[in-house]
Each structure stands twice: as structure tokens, then as C-alpha cells.
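Worksheet for the structure shown next.
The values are calculated or read from the model by the stated rules, or taken from the named source; none is laboratory data. Quick caveat, the model's predicted, so the values are computed rather than measured. Here the Cβ positions follow ideal geometry from the backbone for every residue, glycine too, while neighbour counts run over all protein chains shown. In case anyone asks, the SASA skips ligands and DNA or RNA and just uses the protein heavy atoms, side chains included. Shrake-Rupley method; radii C 1.70, N 1.55, O 1.52, S 1.80 Å.
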Amino acid sequence: MAIVLPTAYLPPISWFAQLCSGEPIVIEQCENFHRQTIRNRCSIDAPNGVLNLTVPVDKSNFRDGAKCQMRDVKISYSSDWRHQHWNAIKSSYFNSPFFEYLQDDFFPIYRKQWTFLMDLNEALIMKCCELIDIQPNISRSTEYMGTVQTRTEPMVSPYYQVFAHKHGFQQDLSIVDLIFNLGPEALLYLTKSER
């Protein structure tokens, strides 16, 4: 049986851990967009604490001013969010053990002007899968599949974080926190957490 997940912008670690289950993964693209969720928001460990980065959406094709299926959600470029997000990621992870080696994998994704949120999210998810060295069986839903399954308890096993000395360990941040801090050990952390 497939695990149904919402699309996510640089998903949290708990979301990503489900890709290591070996089960087929279906990304729900037929549900309506939900504001202020992982669908267009991620959390990173920044110098002043947890920072939420939100991809702005273009609401011109929302029905009744509020409804739009995920597959039709377009990204807004009324602000230079790509530059802002990349600078936030860079300033947050510049001193992490693996940022220097992996930044060039992410930068091209932030240079491209994506039309649809689903496509941006998928590109980032697949890049993270490549860097962690996992090949999950992922597909998009072709019809609404109901309530998506999400992990009820975030993983709490501490790992090295750049700013832990300032504000303690921050749990269930974006997968990039794990990748930039643990590098190749990220997969071990994810699979250990699944047990």
C-alpha cells in the first residue's frame, strides 16, 4: 500500500524519512492548496533561531479566491524570493560541514524561474534524494486520494547543528539541515529513525 504525502518545499526530516520506508510514495497533487503549511514553507536553523521560508503563490487562478488544486498552484515572482531564500540558506549553513561541497547542487534550482510549485518542490526533493543516495518509488496522484499520511511524532535524535550552542537542538527542520550538517551520514540518520 502506498504512503500518500503532501507535496513539500524542502520537506521536514520526518517527511523525508518516510521515503526510506521502501513503500511506494504518492505525492497528492489533486488536493486543494493549504496556506501556511509545508506545501510552500520550510524551516531552517538560522543564526537567530528557526527561520521559516515561504514560496509566494500566485492566486490569480484560485477559484472563489481560496481554492486551487496543488497541481495548478503557480509561484508568484512579485518579490525576489529565490534570492532571499538562497541568501538565507547560505548564511545559515555556510559554516556547516558540507555546505561548501553541496551548494552547487542546489544553486541552479534557485536560479531557474519555475512556473508551478509542484515542479519546484519535486526538483528539490529529487536533488535531496540524489544527495542522500536513495531511490524512492515516487509518483503523483492522478485523482484525489483523501487525507494524506504524515508522521505523527517528529524524530528527536539530536545530531550536529551549527547553531545548537546558541539555541539548542532544533528538531524536524528542513531536510537541507540534515544534508548540510551530516552529508553522507544523513541516510544513516533517516534509516535509523525509521526503526
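Brief remarks follow.
- Unmet requirement for TRP114, which otherwise passes all of (1) closer than 21 Å to ILE132 by Cα; (2) assigned to a loop (DSSP other than H, G, I, E, B): (1)
- Hits in the range 5-45 (condition: touching a residue at least 60 places away in the same chain (Cβ under 8 Å), assigned to a strand (DSSP E or B) and open to solvent by 10 Å² or more (accessible area, probe 1.4 Å)): PRO12, VAL26, ILE27, SER43
- Residues of the range 68-121 that are out of contact with any strand residue (DSSP E or B) (no Cβ under 7 Å at 6 or more places or on another chain) and of a type in the set (Phe, Trp, Tyr): TYR77, TRP81, TRP86, TYR93, PHE94, PHE98, PHE99, TYR101, PHE106, PHE107, TYR110.
- Scanning the range 59-93 for residues that are at pLDDT below 95 and either under 30 Å from GLY168 (Cα atoms) or surrounded by fewer than 16 Cβ atoms within 10 Å (Cβ to Cβ) (or both) yields LYS59, SER60, ASN61, ARG63, ASP64, GLY65, ALA66, LYS67.
- Just one of the numbered conditions (1) open to solvent by less than 60 Å² (accessible area, probe 1.4 Å); (2) touching a residue at least 40 places away in the same chain (Cβ under 8 Å) is not true of PRO56: (2).
- Subset of the range 160-195 (residues that are part of a helix (DSSP H, G or I), out of contact with any strand residue (DSSP E or B) (no Cβ under 6 Å at 6 or more places or on another chain), open to solvent by 30 Å² or more (accessible area, probe 1.4 Å) and not polar (S, T, N, Q)): ALA164, HIS165, LYS166, LEU182, PRO184, GLU185, LEU187, LEU188, LYS192, GLU194
- If you go through the range 52-92 and pick out every residue that is outside any loop (DSSP other than H, G, I, E, B) and in contact with an Asp or Glu (Cβ under 8 Å, 6 or more places away or on another chain), you end up with 6.
- Among the candidates SER60, SER76, residue that is within 19 Å of the chain's Cα centre (by Cα) and hydroxyl-bearing (Ser, Thr, Tyr): SER76
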